[in-house]
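Reviewing the structure listed below.
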Amino acid sequence: MNLEIILHAGLATGTILLFAAIGEIFAERAGILNLGVEGMMLLGAMAGFSTSLSTGSAWLGLLVAMLAGGILSLAHGLVTIHFQADQVVSGLSLTFLGTGLALVLGEGLTGQNPALIPTVSIPLLSQIPFLGPVFFAEHSVLVYIGYIFAPLSTYYVYKTRPGMHLRAVGEKPSAADTLGISVYGVRYFYTFVGGMLAGLAGATITLAVSPGWYSSQTTSGQGWIAVGLVIFAQWNPLRAAFGGYLFGMLRRFILDLQGPALLFGFANPLYVNSNYGFFLQMMPFVLTIIALIWGSRAATKKRLGSPAALGVPYIRGERGL
Amino acid sequence: MTSSPPPHAVEMKDIVIRFPGVLANDHVNLTLKHGEIHALLGENGAGKNTLMNALSGLYKPVAGTIKVHGETVSFNSPKDAIAKGIGMVHQHFMLVPTQTVTENILLGLNEPKFFMNLTKYDQKIRDLQDQFGLRVDPTANIWQLSVGEQQRVEILKVLYRGADILIMDEPTAVLAPQEIDDLMNTMHTMTEQGKSIIFISHKLHEVTTVADRLTVLRRGIATAEGISIEGLTGEKLAELMVGRKVIFSVQKKEQEPGDVVLDVRGVSAENNKGVKALNNLSLNVREGEILGIAGVAGNGQSELAEVITGLRACEGSILVNGEDVANQEPAKAIASGVAHVPEDRTGVGSAPNMSITENTIMKNYREAPIGSRWSINFTEARNHARELKEAYDILAPNVRTMARKLSGGNLQKVILAREITTQPKLMVAMQPTRGLDVGAIESIQRLLLAQRETGTAILLISEELDELLTLSDRIAVLYEGKVMGIVDAKDADINEIGLMMTGQRSNA
Amino acid sequence: MNLPFKIILEKRTDDVPKWLPVATAFGSVVIAFIISGIVLKIIGGDPIRVLKFFFSATFGSWPVFSDTLVKATPLIMVGLACSVAFKMKLWNIGAEGQFYIGAFAASLVVLIPMVDLETTPKFIVIGLMIIMGMIGGAIWGFFPGYLKAKYKVNEIITTLMLNYIALYWNNFWIFDKWSDAGFQMTPQFNKVAWLPRLSDLAKEYKAFSGITLHLGLVFGIIAAIIIWWILERSHWGYQIKLIGDNPKAARYAGLNISRNLILVMMLSGALAGLAGMSEVSGVVHRLQERISPGYGFTGIIVAWLAKLNPFAVILVSILFGALIVAGREIQPSGLASLLQGIILFMVISSDVFLRYKIRVIRTEQTEQETA
């Protein structure tokens, strides 16, 4: 029950959620709800793992994972943007598709050992007492990328021109359309970005944080937690990152709870009966629900909310009666 | 280029635009001279919006040519039109509510390139405002602005892009009489500075005060092309718009109102932004009378309709025949005999993917013979719907047709039929004829008057002052959630009403 | 490349022909099979052999058809659960969790036990299990319904999270208190708690020996009839459809949306819980870790393919029951899941034809008009 270890592990596993959640934020801010994150993550996880195995390059694996997620998400894009199908069901079908593809194409990958993304420590920074070892030592390169990606994404969304266009498309696509912005184009683009990031998140699992392929257990619901995080984060990438890290730490904390015989001076019930551990395993999911309740109440109070056009197909020149 | 006359600002020739099932523009011609204000007139559905959408680059005509300043152009998107100096000021504002004025104006442009450092642009926009007399705070978020201010932002948007040809779509729909005068002045300022304006409207009298020439569309065909305002009468214009001699023939019968049915006392309520929309408001409506509610959009009309029908919380009391319906669920108001013809036909008043039958039974599906204890007898329901279809002259293939396939007028008839069938004591009708063509407007107005004759109390909220004057017995003017004054429709003075609408006079 | 024609999608103005939804549903399944066959070919399998095997293993003889129906049974009930919820645009993704809690609750009758298993007549035990199963599922449906009604919390995520929570909940009891000698399952249920099946009649009718088709199928069919009546003939069904089509209009018409959110989620959960009861009482005869090969998720696809029609749900469930039976044998194991995903994707894509027509326009035509 070492605080340093919990924080360190939290940053690592949180990075997975960070990528997936920020990807979904991009898509949703453009107005497209993509519930296929879990499927795209699993597909990315498998694609990255298998590519690294056959080519020996983890980086190439990462690239392929991102492409896989991106291409799969384009199917969702086509169906929801051009065919205006229901976005919820389309996203679900993507989960089945991604999962199915990953399981079929991933036959026989269990137990293999591909090249992984390197783990490094940053000189100087890692020497800082306490904070150093937690933040800057012995982390996968992807974790460090995550540190920079979150603030960069936030800046992009709120303070740059393309970010403004993104937000306009998600809030009031007709306004964007009449000013010459391609609503369809923007939506396809960010759906693709969301898919790529989901794929990246998956590869982060198998090639960095929890190496190995465990079939459908590889992602075990993290894609869904990421979707919940988006709401909790109120569509703000920095908050999503924070939420992701928090979840990661809570996960580790829960894991560690089962170890010691004495917990804060009292007999540890988990030590006595390891089956109580099942209740702990429930916790990430219970916490997601709590985070959602909290997020929904905060949104109602501040009159914030999702991008106004989220989930609504855009049809040019729809004439009201 | 010296001997021939300068080219017209815009020349549209033989424009044909088709939609599935509808020929929206049938070989229409329109010419806009440099520096003029040209009115495009026609009732709703005549094709004027479609024509202008083609000019602004939203649609591509199937046939015909468009010339701008003598140059033939072909627009593939609004961006192309903007590049040629054409700017559209939409009736339904194309503004992003969560972003600021400056951000909305800069949307879609190429600068600032990447990083949004806006203070420089705030100043540029302030300068532009001074040039044309359009004051609004560039750093305010759109949702914080009044409707009139939002319209100014729409105009600034096109001016900022260097538009010298402006298309203004029903700009006066949301303005009070005095604000309309201000707008007309702004339009003259713009033409003096070299702009040319096309002004879309369906309001005859406005058009005659400000336009130089006009074009009239009826059912996709131009019945008058670029005729001068000189010597035109309202009747002649109406005939051009509708195609027959229009007798403004809706007659209201003289009758004495009965007891008070609706008694609103000291009601206050907030709007969706948390701002006070109704401010200690009181009024009453009697049996067999129509109380018209006049006012510029956004002064509490929607909220008034909603608190009476149970769709919004409030303080104070609202008595319907003695029953207090304030601050309770819609079911209570309905049970107390309140019928509601809502502002939003498709979004609130009907279920778009359900049939006419299913839409007509929304309020009475539990009553015999349609409903029994647990179930619904759809054969009876369909018969009932067929009777209503006949009685109200609703045009549709049959009663199984989905509501969203109906035209505005027919959908409104379905809604009215349904509400009238409940034999209400009070009917709240909000913007009942908005967006309808003249024939449908007449039908709806007749239906309302017929209801009045049966003794129903009617609260009529409308943005068309003419309509209120024609139909109402008394008119109450709303300003910032308060009743500024109540006048008898018979001897109403439009100027007085106008002053009350802008808060400058009160005889409450 | 300048073709002499171009294809555009044009919005439909007239009513959709009645045969079209059925055709698109059917077509989606066929295309999904074809695509899966292609994927199979790519990874080195033999699609035709697999297809032949599929038919023989699922419809080829009475015993295998019975297996298919046994797998279809829970799907019917879960399919109905999803249909009811989806009709109100309530995205119940938690049918899997509601299934497991229903199974758990029904098992309590035997595990506690709630009645004396030696003396109580069978129909009471089964009846009690049915009630418990439905209560369990209803409770699991209540939570997301309540959260949505009170706090506007997105039900997609809450129902999904509850799936995982249900799994761990079940696991605790199976591994711990009611474990069968340390194995990950409870001891086998007393025979009184078993749903009657055709093989019980093997003594009188030789043909029924070995046929595991059980009473659960009847539950499913009765449920379908009841749900049909609710949706198409009752007040409640009208309310559900109105809320699903336009919640604002429903509120305007005086309907209580919050109450319906909760009630419909509970009904949906109860149906899924009934499926869970049917599985533990009719098939596995014990509470164990893996009872469902993803019935809750397959149910979503069943509902969508059946276009939320209760009777079509029965037919589609049989098809998917066949997929599950065949999927047990077919390698690779993920293929069934892939096939389901493709079917769902095809169904959604084909919905576009219900809103748009395809029109082929000859380009010479348009040039002529512009001239």
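A few points about this structure:
- Among the listed pairs B:K363/C:K150; B:K363/C:K248; B:K157/B:K273, a Cα-Cα separation exceeding 23 Å is found for B:K363/C:K150; B:K157/B:K273.
- Most fluctuating residue given options C:D180, C:D15, C:D116, as computed from a GNM of chain C linking Cα atoms under 10 Å: C:D15
- Dipole magnitude for chain B: computed about the Cα centre from +1 point charges on Lys and Arg Cβ and -1 point charges on Asp and Glu Cβ, it is near 1580 debye.
- Globularity index of segment A:3-302, i.e. its alpha-carbon radius of gyration over 2.2 N^0.38 Å: 1.02
- A crude spin-label estimate for the pair C:K52 and A:T110, with each label 7 Å from Cα along the Cβ direction, gives 3.2 nm.
- For segment B:298-337 versus segment C:256-318, the gap between their alpha-carbon centres in whole angstrom: 41
- For the pair segment A:214-291 / segment B:356-418, the C-alpha centres are spaced 53 Å from each other.
- Net charge contributed by nearby residues that have their C-beta within less than 12 Å of B:A339 (K/R +1, D/E -1): +2
- Considering only beta bridges that DSSP places wholly inside segment B:10-242, some 55 percent are antiparallel.
- Percent antiparallel among DSSP beta bridges (both partners in the protein assembly as shown, rounded to 5): 65
- Residue-averaged beta-carbon neighbours from other chains (10 angstrom radius) around B:124-135: 0
- Filtered trypsin sites (Lys or Arg not before Pro), segment B:447-508: DSSP coil and at most 12 other beta carbons within 10 Å: B:K490
- Reported to the nearest whole Å, the Cα centre-to-centre distance from segment A:1-72 to segment C:57-133 is 37.
- Candidate cross-link partners of C:K241 among the aspartates and glutamates, defined by an alpha-carbon separation under 15 Å and a same-chain spacing of 8 or more, comprise B:E358, C:E232.
- Ranked by the mean number of other Cβ atoms within 10 Å of their residues, highest first, the peptides A:17-30, A:52-65 come out as A:17-30, A:52-65.
- Relative contact order [Cα under 8 Å, 6+ residues apart], chain B, whole percent: 15
- Peptide C:149-158 - average C-beta neighbours from other chains (10 Å radius): 6
- FRET E, pair C:E232, C:I131, Förster distance 22 Å, beta-carbon r, rounded to 0.05: 0.25
- Once the Cα atoms are used to define both axes, helix A:237-257 deviates from the longest principal axis of chain A by about 30 degrees.
- Taking other Cβ atoms within 10 Å as a rough exposure proxy, B:S146, C:S107, B:S74 sort from fewest to most as B:S74, B:S146, C:S107.
- Once the C-beta distance of B:K253 and B:W374 is scaled by a Förster radius of 51 Å, the resulting FRET efficiency is 0.70 to the nearest 0.05.
- Whole-number percent relative contact order across chain C, with pairs defined as alpha carbons under 8 Å at least 6 apart: 36
- Whole-number percent relative contact order across segment C:224-371, with pairs defined as alpha carbons under 8 Å at least 6 apart: 18
- Shielding value for A:213-223 is 1, the average number of Cβ atoms from other chains within 10 Å of each residue's Cβ.
- Summarising the strand pairing of chain B, around 55 percent of its internal DSSP beta bridges are antiparallel.
- Under DSSP loop assignment and at most 14 Cβ neighbours within 10 Å, longest GluC sites (Glu not before Pro)-free interval of chain C: C:1-117
- All other residues whose Cβ lies under 11 angstrom from that of B:P7 are scored, Lys and Arg at +1 and Asp and Glu at -1, for a net of 0.
Bear in mind that the values in this text are calculations on the coordinates, not laboratory data. What you see is a predicted model, and the numbers here were worked out from it, not measured in a lab. Methodologically, a virtual Cβ is constructed for each residue, glycine included, from the backbone with ideal geometry; neighbour enumeration extends over all protein chains shown.
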